[in-house]
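Q: Right, I'll just put the structure down here and ask away after.
Computed from the coordinates by the stated procedures, all read-outs in this text should not be read as laboratory data. Quick caveat, the model's predicted, so the values are computed rather than measured. Cβ placement follows ideal geometry from the backbone for every residue including glycine, while neighbour counts extend to all protein chains displayed.
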Amino acid sequence: MARKSKRVDVGIWMKLTKLVMLLVICAGSLAVFQWYKPVIRSNEGMQRRINQLRAQIAEEERFAEQMNATIKAIGTNNVVLERLAREKLGYAKPGEKVIRFETINGQIPSK
């Protein structure tokens, strides 16, 4: 003889047990998230700092390339060397007059 399975209604307790288990799992997930939240924020801050430093490195590399090009131009071209000596050091050729315009207190004179 085949037995028929009957569903036994245990009332509200089974539903409450499932609800409590669900709430415990949600609370555990929230606790883990709160525990790792400072680590996540710290990681984001370090990632921003890495991006800033990479941008600074790229800028410094561009500057170094520019300086290397200037050094190469000075070493191979006497005209460039002469122009830089005139501009930066205030040198002049013999018999040449140099006129310098200076501002008082670093301000541009008014018209």
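Q: Roughly what would the spin-label model give for Ile74 and Arg41, points 7 Å off Cα along C-beta, in nm?
A: It works out to 5.0 nm between the two label points.
Q: Towards the positive end of the charge dipole of the chain, with charges on Cβ (+1 Lys, Arg; -1 Asp, Glu), say which of Ala31, Thr17, Thr70 has the farthest Cα.
A: So the residue furthest toward the plus end is Thr17.
Q: To the nearest 20 debye, what charge dipole does the chain have about its Cα centre, counting +1 at the Cβ of each Lys and Arg and -1 at the Cβ of each Asp and Glu?
A: In debye, rounded to 20, the chain gives about 1080.
Q: Taking a label point 7 Å from the Cα of Phe101 along the Cα→Cβ vector, which residues of the range 63-91 have an amide N closer than 18 Å to it?
A: Hits in the range 63-91 for Phe101 at 18 Å: 87-88, 90.
Q: Based on DSSP H runs of at least 4 residues, each adding -39500 (n - 2.57), what is the mean residue ellipticity at 222 nm of the chain after dividing by all its residues, to the nearest 500 deg cm²/dmol?
A: -25500 deg cm²/dmol
Q: Along the Cα→Cβ direction, 7 angstrom out, place labels at Arg48 and Ala27. What is the inter-label distance in nm?
A: 3.5 nm
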